[in-house]
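Structure first, then comments.
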Amino acid sequence: MTQIRTRFAPSPTGYIHVGSLRAALFPWLLARQNNGKFILRIEDTDRSRFVEGAEEKIYETLSWLGIDWDEGPTANGKEKGKFGPYHQTERRGIYLEWAKKLIDKGLAYADPYTPEQVQAFRDEAKTKKEAFLYRNYRPKNPPKWDGTQPLRFKVPEIKRYTWQDPIMGELSAGPEALDDFILIKSDGLPTYNFAHIVDDFEMGITHVIRGAEYIASTPRYLSLYDALEIKPPVLACSPHIMAPSGNKKLGKRDGAKSADEYRKEGILPEAMMSFLASLGWNDGTEQEIFTKEELIKKFKLDRVQKSGARFDEKRLIWMNGQFIRNLNLDNLYERCQMFWGKEANSADVIYKKQVLALAQDRLKTLQDLPALTSYFFSEPKINLDLILNNKQLKKLTSEEQKKLLQISCDELNKINNWTSENIQNCLNTLLEITNQKPGILFSLIRIATTWAQFSPQLNDTLALLGKDKSLDRLNLAIKNIA
């Protein structure tokens, strides 16, 4: 059996978004599952859209996600693999050799038309209420191609193409889908339509997995495969990632962010990988979260759905929280280095790990860390709105609030051994003394000692803050409640 070889071929024209990451993930999973090879190729022929630093960001983002490549360029410029170069701009000679084969067979011609002439052809077709097809306006006596004009493919046979897509099933398109297209531009660089077919063949790619938008172009690719006498690889088209509304493809206007933004917001790479895999794929079970190893074991092209997958950022964040909770404390601590608030800079490692252990179950992203923990490191700013806007606490008068806090302060002060267990016993006693519900009393104490929207378990929070600090904050709250 031929070794499976897949590829990801991004363009260095900007940041990598989630759609591009999933375009890399599916072929990577297929290669890893079958002990195949995953190739990274840089499609850098569109020089007008080239962005400085974008290629390095590709390497960085793929590495962050955990996608490695067996062949291709690397961040330090050293290539690995015997099928290079892996930048298309360095493969001009290869494309010219293949172009010459088509010219010699009479299946490529120099395009002599100006943009104005082409527009006139379009207008003519529109007047006739016909679809514009370039092949209907081929020059009868094209000039010899000297590299200064575009080189255009001449469709050898106008026919219906039928092909099997492992995701979409059997697909078919008639002659209306076939047309002459540009192979090499006037700048001497190939178009995507030509270069990827040559590169995939030269690099031994067995499976091409890309977005559903390429279905419409597949008949043209098949006609070029025929002209070059190349057997096509397996062509698979994955469904679009849809906007949250579900009615259109995800785009920047829909809040689509770069992978780097999610990284800076504290999304874990394993959470992002599991989330992206689930956009259009499932293993046929109710399982929602997958480790990298599980994905490699379970991924199948025939389990990728045909319809678009809605991008749900809330689900990503929920999934991220699940992965955070499953990390051991030392691992989580290492990942949090860039996310602590400035208040924590002077704290020692042992104390920070104690804080992190309390906050871990409530973290949805690593970026949540300062909001959930800053009061452990510095005195919080009193915010009485947290009491006034609380549905239950705002029903109490200020005097009732102060009385509850004073009773709590007095009882907590009686604890000799300040531990989580003893604090919880005291809190339970306070419920009996005050005849209040936990949702009222505990919320009031929690706000008065942290002045935060959320905090870990109250008894654990007070235990880590310490007796003196907890009582001081309760007394300060009593003084400030009007």
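Out of the residues in the range 248-285 meeting the condition of being within 27 Å of GLN164 (Cα to Cα) and either in contact with a Cys (Cβ under 8 Å, 6 or more places away or on another chain) or among the polar types (S, T, N, Q) (or both), tell me which one is surrounded by the most Cβ atoms within 10 Å (Cβ to Cβ).
SER278
Which residue pairs have Cβ atoms closer than 7 Å, lie 6 or more positions apart in sequence or on different chains, and pair a first residue in the range 430-446 that is over 19 Å from ILE382 (Cα atoms) with a second residue that is surrounded by 17 or more Cβ atoms within 10 Å (Cβ to Cβ) and of a type in the set (A, V, I, L, M, F, W, C)?
Short answer, once both residue conditions are applied: LEU430/LEU441; LEU431/LEU441; THR434/LEU404; THR434/LEU441; GLN436/LEU404.
For the range 349-377, name all the residues that are farther than 17 Å from ASN326 by Cα and not in a helix (DSSP H, G or I).
Once the filter is applied, which keeps residues that are farther than 17 Å from ASN326 by Cα and not in a helix (DSSP H, G or I), the range 349-377 yields only PHE377.
Might you check whether a residue that is at pLDDT 95 or above, under 23 Å from LYS353 (Cα atoms) and either of a type outside the set (Gly, Ala, Ser) or outside any loop (DSSP other than H, G, I, E, B) (or both) occurs anywhere in the range 429-436?
Within the range 429-436 (the criterion being at pLDDT 95 or above, under 23 Å from LYS353 (Cα atoms) and either of a type outside the set (Gly, Ala, Ser) or outside any loop (DSSP other than H, G, I, E, B) (or both)), the answer is no, since none of the residues qualifies.
Being free of Cβ contacts under 8 Å to residues at least 60 places away in the same chain, out of contact with any His (no Cβ under 7 Å at 6 or more places or on another chain) and not charged (D, E, K, R) narrows it down to one residue among VAL51, VAL18; which is it?
Step by step, each of VAL51, VAL18 is checked, and only VAL51 is free of Cβ contacts under 8 Å to residues at least 60 places away in the same chain, out of contact with any His (no Cβ under 7 Å at 6 or more places or on another chain) and not charged (D, E, K, R).
Could you grab me the full set of residues in the range 279-305 that are under 18 Å from ALA24 (Cα atoms) and assigned to a loop (DSSP other than H, G, I, E, B)?
LEU279, GLY280, ASN282, PHE290, THR291, PHE299, LYS300, GLN305
For the range 394-409, which residues satisfy the criterion of being in a loop (DSSP other than H, G, I, E, B) and either aliphatic (A, V, I, L, M) or at pLDDT 95 or above (or both)?
Hit for the range 394-409 is LEU396, nothing else.
For the range 325-344, which positions are in contact with a Ser or Thr (Cβ under 8 Å, 6 or more places away or on another chain), part of a helix (DSSP H, G or I) and not charged (D, E, K, R)?
Listed by number, the list holds a single entry, ALA344.
Residues checked against (1) under 26 Å from GLU43 (Cβ atoms); (2) in contact (Cβ under 8 Å) with a residue 60 or more places away in the chain:
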| site | (1), (2) |
| --- | --- |
| GLU90 | yes, no |
| TYR95 | yes, yes |
| ALA99 | yes, yes |
| LEU102 | yes, yes |
| GLN117 | no, no |
| ALA131 | no, no |
| ASN141 | no, no |
| LYS144 | no, no |
| GLU157 | no, yes |
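Pull out all pairs, ordered by first then second residue, where Cβ-Cβ is under 7 Å, the residues are six or more apart or on different chains, the first lies in the range 187-202 and is on the phi < 0 side of the Ramachandran plot and free of Cβ contacts under 8 Å to residues at least 40 places away in the same chain, and the second is crowded, with 19+ Cβ neighbours inside 10 Å and aliphatic (A, V, I, L, M).
ILE197/LEU224
Scan the range 62-107 for residues that are among the small types (Gly, Ala, Ser) and either in contact with a Cys (Cβ under 6 Å, 6 or more places away or on another chain) or surrounded by 13 or more Cβ atoms within 10 Å (Cβ to Cβ) (or both) and report the count.
6
Using beta carbons and a limit of 8 Å, which pairs, at least six apart or on different chains, have the first residue in the range 378-393 and part of a loop (DSSP other than H, G, I, E, B) and the second one aliphatic (A, V, I, L, M)?
Final answer for the pair search is PRO380/ALA452; ILE382/LEU476; ILE382/ALA477; LEU384/ILE481; LEU384/ALA482; ASN390/ILE447; GLN392/ILE440.
Please pick out the residue among TYR59, TYR95 that is in contact with a helix residue (DSSP H, G or I) (Cβ under 8 Å, 6 or more places away or on another chain), in a helix (DSSP H, G or I) and at pLDDT 90 or above.
Just one listed residue meets the conditions, TYR95.
The values are calculated or read from the model by the stated rules, or taken from the named source; none is laboratory data. No experiment lies behind these values; they were computed from the predicted model shown. Ideal geometry is used to build each Cβ from the backbone, glycine not excepted, and the neighbour counts take in all protein chains shown.
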